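A quick write-up on the structure given underneath.
The values are calculated or read from the model by the stated rules, or taken from the named source; none is laboratory data. Just so it is clear, the model here is predicted, and its values are computed rather than measured. No Cβ is skipped: glycine too gets one built from the backbone with ideal geometry, and neighbour counts run over all protein chains shown.
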Amino acid sequence: MRDFTAHVSGRLVIGSDVFFNRGCHIVATEQVSIGSNCLFGEAVSIHDENHAVITDGKPRRECPMSAAPVRIGDNVWIGAKCTITAGVIIGANSVIGANSVVTRDIPAYCLAAGTPARVIRHFQPDEESRCVSCS
């Protein structure tokens, strides 16, 4: 879509047939890897960087940032307004419910949602042809 934004000073790898809806934002200071056949709802934010929590009295803008790669497997659906944080791996064929904040790894073949996101349901590869609801 026309209002997709990416700030790339590291490496950004995007597989084939990936769809980003309106307002998606990616920051890749180290590395963000997205597999093939992924869907991103509107206003999804993916960051491989984070600000320092402890500043030792320095202004926040002068503190170093940390970075850790983000990896999103093939055939992942990330619902609208999700945030994916630094260092997260989302396994193939998973679904992340709308408005979730993913702060830790999500295994393959899972439905995860919430703030922070947690696995709500595991499903089998043979269930893949059925619709998985995020509501």
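General remarks:
- Scan of the stretch 81-96 for residues that are out of contact with any His (no Cβ under 8 Å at 6 or more places or on another chain), closer than 12 Å to VAL44 by Cβ and surrounded by 18 or more Cβ atoms within 10 Å (Cβ to Cβ), ordered by number: CYS82, ILE90, ILE96
- Test: GLY57 is assigned to a loop (DSSP other than H, G, I, E, B), without any contact (Cβ under 8 Å) to a residue 40 or more places away in the chain and within 23 Å of GLY114 (Cβ to Cβ): no
- Per the listing VAL8, VAL27, the residue uniquely modelled with pLDDT of 95 or more, surrounded by 14 or more Cβ atoms within 10 Å (Cβ to Cβ) and either out of contact with any His (no Cβ under 7 Å at 6 or more places or on another chain) or among the aliphatic types (A, V, I, L, M) (or both) is VAL27.
- Screening ALA68 against (1) surrounded by fewer than 21 Cβ atoms within 10 Å (Cβ to Cβ); (2) over 19 Å from VAL13 (Cα atoms) leaves a single unmet condition, (2).
- Whichever residue in the stretch 15-24 is surrounded by fewer than 16 Cβ atoms within 10 Å (Cβ to Cβ) and in contact with a strand residue (DSSP E or B) (Cβ under 8 Å, 6 or more places away or on another chain) and, among such residues, is nearest to LEU39 (Cα to Cα): PHE19
- Which numbered condition SER36 fails, given (1) free of Cβ contacts under 8 Å to residues at least 24 places away in the same chain; (2) assigned to a loop (DSSP other than H, G, I, E, B); (3) within 26 Å of VAL119 (Cα to Cα): (1)
- Test: residue in the stretch 114-127 that is buried (at least 19 other Cβ atoms within 10 Å of the Cβ) and either at pLDDT 95 or above or hydrophobic (A, V, I, L, M, F, W, C) (or both): yes
- Residues that are polar (S, T, N, Q), free of Cβ contacts under 8 Å to residues at least 40 places away in the same chain and not in a strand (DSSP E or B), drawn from the stretch 13-33: SER16, THR29
- Residue list for the stretch 99-112, filter: over 15 Å from THR85 (Cβ atoms) and either in a strand (DSSP E or B) or polar (S, T, N, Q) (or both): CYS110, LEU111
- As for the stretch 24-40, it holds no residue that is more than 12 Å from the chain's Cα centre (by Cα) and hydrophobic (A, V, I, L, M, F, W, C).
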